[in-house]
Amino acid sequence: MQILPSLPLSPYIRHYLFLDSDDPGIKKLRLFSDGSAGLVFSFKNRLRSEEKKATEQNFLPGSFLYGQLENYQNLYSGGKTALLIVVFHPHGIRQLLGIPAQELHGQIIPIEFLFGPAGKELQDSLSESKIPQLIPILESFLLKLAAKNHSSPSFIEASVQLIVQKRGQLSSEQLSRFTGYQERQIERKFAEYIGLSPKKFCSIIRLHDFIKQLRNTLPDHHFTTMGYSSGYYDQSHQIREFKKITGLTPSQYQNAGTTLAVNFLKVL
């Protein structure tokens, strides 16, 4: 279930996801980048990083923030699982927390490390609440963070919008002309506010444009035409880039198990 944020939080947050599964078996979940960081709250059972070893060191925190993902991650759920995920805009985590995005890159950080006792209180409050109460409780907490108002340069938001509009098909030279800044200046600001280079961010947006087409076609559809439309110069380039980010081929993605979100799915 996807839920939009309230208007005051919409500059920072793209949407919330609530995922609930009563499947008692062990599930292998694949998470890969969508160009944004996220904040995860788990209920019922905690996620873990390994399938067979259910030791404390392999369990992820009950609530945590993940930064921009460089590589896909395999997570495992042993039993009934409920997750509430805050999906930020690409520059939203820097604006909301005031922490440079590159410091969070590839990291999984327990919420109490970020917010101290207040983070633990939030996790406990959410765990004790019913589903209709979750978003109001969470937004009450996030609105206090938003009140600190860590703004980002206007060209960052404009650049993100342009890259999305162009479906990731934008060169460094074109972005430099659009912003009026040199490539190195843009790269530094992207690292600080988004946690990725412009080139990497474009590749992720291009991939998700291809996935959008993939999800709207039949499994036996030929991928080459869609690949050209998304800016891949041949099928091997398309498959190589797809597998680099997702760990799957396009066919494997189409035939995967339950899709919890575009970039979060159950795999065999």
Q. If you average over every viewing direction, what projected area does the convex hull of the Cα atoms of segment 1-132 give, in nm²?
A. 8.2 nm²
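Contour minus end-to-end for Ser140 and Gln174, with contour as 0.36 nm per residue of separation and end-to-end as the Cα-Cα distance? Please list the in-between numbers first.
Working: separation 34, 0.36 × 34 = 12.24 nm, distance 4.03 nm.
The span from Ser140 to Gln174 would gain 8.2 nm if fully extended.
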Q) What list do you get for Tyr72, Tyr253 if you sort them by fewest beta carbons within 10 Å? A) Tyr72, Tyr253
Q. Which ordering of Lys148, Lys80 is given by a fewest-first count of other beta-carbon atoms within 10 Å?
A. Lys148, Lys80
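The numbers here are math on the coordinates, done by the rules we state, and not lab data. In this text the structure is predicted, and so the values were computed from the model without any measurement. As a convention, Cβ positions derive from the backbone with ideal geometry for all residues, glycine included, and neighbour counts pool all protein chains shown.
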